[in-house]
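Colleague: Take this structure, written in C-alpha cells, and hold onto it; I'll ask about it next.
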Amino acid sequence: MSPKIKNLLPPGNYFFEGNQACAEAALAAGCRFFAGYPISPSSEILERLSWRLPEVGGVFIQMEDEIASIAAVIGAVWAGAKAMTATSGPGLSLMLENIGYAIITETPCVVVDVQRAGPSTGQATRPYDGDIMQVKWGSSGDYQIIALAPWSVQEMYDLTIQAFNLAELYRVPVFVMGDAALAHLRESCRIPEEVEIVGRKKASGVAHFGTDELSGVPPMASFGEGEGLIITGSTHDALGYRRTQDSDIQQKLVNRLNEKILSNVGEIIETEEYFLEGADVAVVAYGIVARAALAAVKEARLRGIKIGLLRLKTLWPFPEEKIRALEAKKIVVPELNRGQLVREVERVAQAEVISVNRVDGEIMRPGEIVEAIKGVRD
Amino acid sequence: MSEKKGKEMEATWKKYLRKETLPLPFCPGCGHGIVLSAILRAIEASGIDIKDMLFVSGIGCAGWIPSPHIRADTMHVTHGRPIAFATGAKLFNPRLKVMVVSGDGDLASIGGNHLIHAARRDIDMVVVCANNEIYGMTGGQVSPTTGLGVKTTTTLAGNIEPPLDLCKLVEAAGASYVARSTVFHLEHLISLLKRALNLKGFSFIDALSPCPTQYGRRNLYASAAEQLKDLEKRCILLQEASAAPPETLKDKVIIGEFVLRDSKQ
C-alpha cells in the first residue's frame, strides 16, 4: 500500500523557500501533472514546476485562469495522473465550483493555497490566514475536505507529500494551507532518501462511484482502460449514472462523501502538543503563527505561567476531540485574521476561549501572544 | 425493413450506445439526437475504436448528447469548462481520442475563454458545438448565438444583441480546422466530423441544431419539422456564398469548411 520510493533530489539539507520545498515535495510524491495560473504569493511553485516536471517526464501547463487550472488537474487525474495546482485566496475563489466537482466525483488532487491578505486583491504579498473557512465552506452543498497547515519550510515539504497520500486514500481534494511568509521564508529543508507514497487504488469492472459501506472509498480506473467510465458532477449512482430525481441516492451519496472523512478522523488528524500536561492555559495555533505561539508559551512558562500549546497540523476535518480533551481552563487562539478557526474551537471547547488577532498583513510576534496570555491570567 | 437489416442496425447501435440509457432524454423535434447520430456515424466510418475515445461535455441539453449514452469514457463536467477538463486529460494521456460536445451557452458564453485558448494552443481535440441558439434546459433564455430580434424568455421584445460567429472566433484564435453545418444537412455534417476526427490539432464544428420547445414555439414556427426545414432556407454553402453578391448573403448562415490545416504536416 505504501511503497517507499527513491527521492528525485539527492538526499540532504537544502536551503529552500517554502514554495520551492512544496514543488519538490509534489514531485517526490509522484505528481506528474500541474496546471496553474500566476498569482502572488504562490507563483514560484508554478515557475519551478514549469521546468522540473518536464525533467521527470511530467506535464506542465499554464492555463488561461484558475477555473481552467483546476479543471485540467481533474481531467489529468482521470487520465491517470497524480496532479496539483497552486493558488492564493482570489484564485481559490475561482476554483471552488470545480473543487465541488472534484468532491462529488471523488477525484484525488492537491490544491496548495498560499494565503494572502484579503478581501479581494487585498495585499497580494502579505501573509494572512484568510481562507480557513473559504476552503471548508466555499463550494456548494455539504462536504468534507482535508486541509493541512504547515508551520515551516520543512513542513511545506512533508505536508505536501502527506496531502498527496491523503488524497489517494480518501479520493478527496486536499489543501496545503501556506501563507505569504512561509512561501518566501528560506530555511533548512531536509530531503530524505526515501519517502512513503500511497499509490492509487485501482480496479476494473467494478463500481467506481460507490460502495455498500457508509464510509467506503471505492477504487478508481483511468480513461483509456476500456472501463467506459461515466463521470458526472450530477448526483450519480455507484456506476456513475445521473440520478437527479432519486432522493435515496442523493442522501446516500452526500452521507458517504462526508462519512468517508469523518469516520476516519483518527487516521487523518495530526496535532502536536507542547507542555499541555497540567496546563491552566492552552494556546491552540496553526501555520506560521504556531511558531510565535511556541516561543510565547516558552517565555510565559519562564514567568511561571502553567501554559501549553496544541499545534494543529490538520485544520479540516477539525480536530474536535483534541480540543475537547484540553484540560486547561482557558484557551487562547492566535490567528492572522479576525478569528476564523476560533469559532470551531468555541464550538467544542470546555473552557473559556480568547481570540488573539492580527489583520494588518504582518506576522504575529511572540510578544503579542505573551501579552494576551498575561491578560488572560489576570 | 428486413429482419436481417434490423438486426444489423441493432448490433451497430449497441456497439456505440448503452441500451439502459435509452430512450434519449431530448424533447420531440430536438436536433441533438441527430448530432449524436452524426457523431457516431462519423466514428464508424472513420474506423476509430469507440473504446479509445473520451467524450467531455458541459452543462445544458447538449451536455447530455454523449453522457452517459455513448459506450466510451464520458466526463460530464461543470458549466462551461469541458474544454479545460479535456485539455488536462489529453495532455496527460495523448493516446486518448478526445471529443468535446456541448452547447452554445456552455462553449460560447460561460466557457468562451477556454474555447479561445484551446484553439490558440491547437490542442488535439474535436469540439462540437451543438448550437441551438438558446439556453434550452434552463427555460429558453437568450444565448450569445441567438439572432437579432429573436424572442426568448429574457428578450420578450426580441433580442437586441448581435450574435457571435463562433467559427470566425475560433479561426482567429488559431484552430487547425473550423467548419459549420446543421442537423438538416446530415451527410454534410457527418463528412465534417469525419474530417475532424482524422486531423491532428484543434478542430471546431459549429452544428446548428433546432430547439422547438424553447425557441421554435416562441418564434412562430408552425412545427418542429418547419423549424428543421428552415435551416435549409437560412443556410448557404461556402462555395455558393463566395460567388454570390454580398447583399444576398444578409441574414444567411454560411456552412462549410472555413479552415483546414492539418498540424501533422
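Derivation of every value follows stated rules applied to the coordinates shown; laboratory data play no part. Remember, it's a predicted structure, so these values are computed and weren't measured experimentally. All Cβ positions, even for glycine, are placed from backbone atoms using ideal geometry, and neighbour counts span all protein chains on display.
Colleague: In terms of the ratio Rg/(2.2 N^0.38 Å) built on C-alpha atoms, what value belongs to the protein assembly as shown? Numbers along the way, then the final one.
Modeller: Working: Rg = 27.6 Å, N = 643, 2.2 N^0.38 = 25.7 Å.
Against the compact-globule rule of thumb, the ratio is 1.07.
Colleague: GNM, chain A, Cα, under 10 Å: largest mean-square fluctuation among A:230, A:331, A:288?
Modeller: A:230
Colleague: How do B:106, B:206 rank when sorted from fewest to most other Cβ atoms within 10 Å of their own Cβ?
Modeller: Taking fewest neighbouring Cβ atoms as first place, the list is B:206, B:106.
Colleague: Identify which of B:52, B:124, B:104 has the largest mean-square fluctuation in a Gaussian network model of chain B, with springs joining Cα atoms closer than 10 Å.
Modeller: Result: B:52 has the largest fluctuation of those listed.
Colleague: Here's something else I'd like to know. Give me D for chain B in µm² s⁻¹, whole number, from Stokes-Einstein with Rh from the Kirkwood sum over alpha-carbon pairs, 20 °C and 1.002 mPa s. Present the calculation step by step, with values, prior to reporting the outcome.
Modeller: Working: Rh = 18.6 Å.
D = 115 µm²/s.
Colleague: Let me ask you something else. Dividing the alpha-carbon radius of gyration of region B:12-141 by 2.2 N^0.38 Å (N being the number of residues), what value is obtained?
Modeller: On the way: Rg = 14.0 Å, N = 130, 2.2 N^0.38 = 14.0 Å.
Compared with the compact-globule rule of thumb, region B:12-141 sits at 1.00.
Colleague: Something else about it: Quick one: Cα centre-to-centre distance for region B:9-62 and region B:119-159, in angstrom?
Modeller: Cα centroid to Cα centroid, the span is 21 Å.
Colleague: Using modelled amide H (1.01 Å from N, peptide plane; none on Pro or chain starts), what sits under 5 Å from the amide H of residue A:202, excluding residues fewer than 5 places away?
Modeller: The answer is A:220.
Colleague: Based on Cβ point charges of +1 for Lys and Arg and -1 for Asp and Glu, what charge dipole magnitude is obtained for region B:48-198 about its Cα centre, in debye rounded to the nearest 20? Intermediate values should be presented prior to the final figure.
Modeller: Numbers: 13 positive and 12 negative charges, 58 e Å.
The calculation lands at about 280 debye.
Colleague: Just tell me how shielded A:220-229 is by partners: mean number of partner chain Cβ atoms within 10 Å of each residue's Cβ, no decimals.
Modeller: Numbers: counts 0, 1, 5, 15, 11, 2, 5, 3, 9, 6.
Taking the mean over all residues of the peptide, I get 6.
Colleague: Each residue of region B:79-89 in order: what ³J(HN,Hα) in whole Hz does its phi give by Karplus 6.51 cos²θ - 1.76 cosθ + 1.60, θ = phi - 60°, with x for Gly and Pro?
Modeller: 5, x, 9, x, 5, 5, 4, 5, 4, x, 5
Colleague: Ordered by residue, what ³J(HN,Hα) values in Hz, to whole numbers, does region A:182-188 give under the Karplus form 6.51 cos²θ - 1.76 cosθ + 1.60, where θ = phi - 60° and Gly and Pro are x?
Modeller: 5, 4, 10, 6, 10, 7, 5
Colleague: Express as a percent, rounded to the nearest 5, the fraction of DSSP beta bridges in region A:272-377 (both residues included) that run antiparallel. Before the final figure, lay out each step's value.
Modeller: On the way: 3 of 17 bridges.
Here the share of antiparallel DSSP bridges comes out near 20 percent.
Colleague: Under 14 Å Cα to Cα from residue B:233, which aspartates and glutamates show up? Leave out anything in the same chain fewer than 8 places away.
Modeller: Cα-Cα hits under 14 Å: B:251.
Colleague: Something else now. In whole Å, how far is the Cα centre of region B:174-250 from that of region A:134-172?
Modeller: Answer, in whole Å: 47.
Colleague: Here's a follow-up. What Kirkwood hydrodynamic radius, in Å, does chain A give when the mean of 1/r is taken over all pairs of distinct Cα atoms and then inverted? Numbers along the way, then the final one.
Modeller: Numbers: mean 1/r = 0.0472 Å⁻¹.
Hydrodynamic radius (Kirkwood, Cα only) of chain A equals 21.2 Å.
Colleague: Please rank A:156, A:133, B:53, fewest neighbouring Cβ atoms within 10 Å first, as an exposure proxy. Intermediate results must be reported in sequence, preceding the final value.
Modeller: Working: A:156 30, A:133 15, B:53 23.
Arranged by neighbour count, lowest to highest, A:156, A:133, B:53 become A:133, B:53, A:156.
Colleague: Out of the trypsin sites (Lys or Arg not before Pro) in region A:136-225, which ones are loop residues according to DSSP with at most 16 other C-beta atoms within 10 Å?
Modeller: Working: sites: A:136, A:171, A:186, A:190, A:200, A:201, A:202; in loops: A:171, A:200, A:201.
Passing sites in region A:136-225 are A:201.
Colleague: Taking all pairs of different Cα atoms in region A:272-377, averaging 1/r and flipping that mean, what Kirkwood radius in angstroms comes out? Don't jump to the answer; show the numbers that get you there.
Modeller: Numbers: mean 1/r = 0.0753 Å⁻¹.
For region A:272-377, the Kirkwood estimate is 13.3 Å.
Colleague: In region A:316-350, which GluC sites (Glu not before Pro) fall in coil by DSSP and have 13 or fewer other Cβ atoms within 10 Å? Intermediate results must be reported in sequence, preceding the final value.
Modeller: Details: sites: A:320, A:321, A:327, A:335, A:344, A:346; in loops: A:327.
Here the sparse-neighbourhood loop sites are A:327.
Colleague: Over every pair of different alpha-carbon atoms in region B:90-162, take the mean of 1/r and invert it; report that Kirkwood radius in Å.
Modeller: 13.6
Colleague: While we're on this one: For chain B, give me the percentage of DSSP beta bridges that are antiparallel, rounded to the nearest 5 percent. All intermediate terms of the calculation are to be shown ahead of the outcome.
Modeller: Details: 7 of 36 bridges.
For chain B, the DSSP antiparallel bridge percentage is about 20.
Colleague: When only DSSP loop residues count, what trypsin sites (Lys or Arg not before Pro) in region B:34-109 have their Cβ near at most 13 other Cβ atoms within 10 Å?
Modeller: Here the trypsin sites (Lys or Arg not before Pro) that fit, given the DSSP loop and packing criteria, are B:95.
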